[in-house]
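Have a look at the structure below before the remarks.
The values are calculated or read from the model by the stated rules, or taken from the named source; none is laboratory data. Quick caveat, the model's predicted, so the values are computed rather than measured. Backbone-built Cβ (ideal geometry, glycine too); neighbour counts: all protein chains shown.
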Amino acid sequence: MFSARTRIPEGRMYTRDNLEKLGNDLLEAGFDKITVKLPHNLVGIENEQVSLREFIERERNYPSVILSAVNTERRETIKVLFVNISRKTFFVDDTFPSGHSEPPEVFVQSPDPARVYALAGFFGEYFDKRGKKSRTPSQNLAYIVSLFLLLAQGLTLTKGRGFFTNAYPSLTWGWALDLGTSAIAMLMVFTFFRTPKGLYVNPPPKTDIWTLTNRALKGYVMDNPLVSFIVTIIAALVTAFLLKLLGLL
């Protein structure tokens with residue numbers, strides 16, 4: 001048997017409609033057995049595998065799942081690992097034993113090497129053309145620029161000169177510019193973390209400040225955008241402090 005892997009774009013969100021379309025396309029392509037594997041550490045080994053229809057009708061979102069499709073006539077297998085968040089998930093599966101340590105990916109296996117690479121290429125393009133882009137290139141750039149801006153603000157604070165632009169007396173309204181740019185930068189960082197990605201049979205959970213704060217207070221800190229945002233801000237300040245301590249500023 002020959003096999004190949006291809007990555008799924010990580011910055012995409014796939015919905016119930018996308019999943020139903022994928023199931024129909026696989027059936028038309030001759031894949032007559034389509035199932036979904038659920039994380040056994042969340043549902044139990046006895047409930048790990050369900051049919052695609054049952055998975056859709058459950059209307060539940062999971063941290064990660066594996067869609068498996070088998071063409072019994074050609075003896076071909078396609079597996080798709082969807083990853084929503086980095087929560088620990090484990091599967092009884094030789095290809096994707098865990099979801100938290102793997103990127104979203106398509107695995108193809110066939111006795112025909114030509115078919116393997118043709119299918120891998122096809123499904124790589126298939127997922128690239130479908131789903132909603134969670135983050136645009138401009139959002140990614142805004143996130144990087146915002147991190148550098150927050151780091152610059154942290155560096156000037158460690159020098160005891162106030163904020164970045166306020167350190168220059170010639171800028172009359174420097175403090176206002178500092179507050180405005182810092183607020184925008186923090187908003188960009190928070191927006192970057194709160195954007196959903198992966199497979200959602202139901203709409204993604206709410207990510208407003210109050211909901212995220214309530215989840216954090218209850219101990220749900222993994223993949224909480226608000227917690228990730230706060231950790232990022234603290235990391236920027238700690239980095240600035242260490243650079244000053246090491247005499248690199």
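So which of ARG74, ARG12, ARG7, ARG16 ends up being closer than 15 Å to PHE107 by Cβ, touching a residue at least 40 places away in the same chain (Cβ under 8 Å) and touching a helix residue (DSSP H, G or I) at 6+ places or on another chain (Cβ under 9 Å)? Break it down stepwise before answering.
On the way: ARG74 fails: closer than 15 Å to PHE107 by Cβ; ARG12 fails: closer than 15 Å to PHE107 by Cβ; ARG16 fails: closer than 15 Å to PHE107 by Cβ.
Result of the check over ARG74, ARG12, ARG7, ARG16: ARG7.
Please verify whether the stretch 12-23 includes one or more residues that are in contact with a Lys or Arg (Cβ under 9 Å, 6 or more places away or on another chain), part of a loop (DSSP other than H, G, I, E, B) and surrounded by 14 or more Cβ atoms within 10 Å (Cβ to Cβ). Before you say what the answer is, go through the steps one by one.
Initial filter on the stretch 12-23 (in contact with a Lys or Arg (Cβ under 9 Å, 6 or more places away or on another chain)): 12-15, 18, 21-23.
Add one more test, that the residue is part of a loop (DSSP other than H, G, I, E, B), and what stays is none.
No, every residue in the stretch 12-23 fails to be in contact with a Lys or Arg (Cβ under 9 Å, 6 or more places away or on another chain), part of a loop (DSSP other than H, G, I, E, B) and surrounded by 14 or more Cβ atoms within 10 Å (Cβ to Cβ).
Within the stretch 24-52, which residues are under 18 Å from ARG130 (Cβ atoms) and crowded, with 18+ Cβ neighbours inside 10 Å?
LEU26, PHE31, ILE34, VAL36, LEU52, listed by residue number.
What's the number of the condition GLY99 fails, among (1) within 30 Å of LEU177 (Cβ to Cβ); (2) touching a Leu at 6+ places or on another chain (Cβ under 7 Å)?
The failed condition is (1).
Looking at this structure, is GLU125 assigned by TED's automatic domain parsing to the domain that holds LEU38, loosely packed, with under 15 Cβ neighbours inside 10 Å and modelled with pLDDT under 90?
In short, yes.
I'm trying to understand the selection: among the residues of the stretch 41-91, which are more than 23 Å from ASN18 (Cα to Cα), over 21 Å from the mean Cα position of the chain (by Cα) and not polar (S, T, N, Q)?
Selection gives VAL43, GLY44, ILE45, GLU46, GLU73, ARG74, ARG75.
Among the residues of the stretch 102-117, what is the count of those that are surrounded by fewer than 21 Cβ atoms within 10 Å (Cβ to Cβ) and outside any strand (DSSP E or B)?
The qualifying residues number 9.
Going through THR35, THR95 one at a time, which residue ends up being out of contact with any Pro (no Cβ under 7 Å at 6 or more places or on another chain) and assigned to a strand (DSSP E or B)?
Of the residues listed, the single one that is out of contact with any Pro (no Cβ under 7 Å at 6 or more places or on another chain) and assigned to a strand (DSSP E or B) is THR35.
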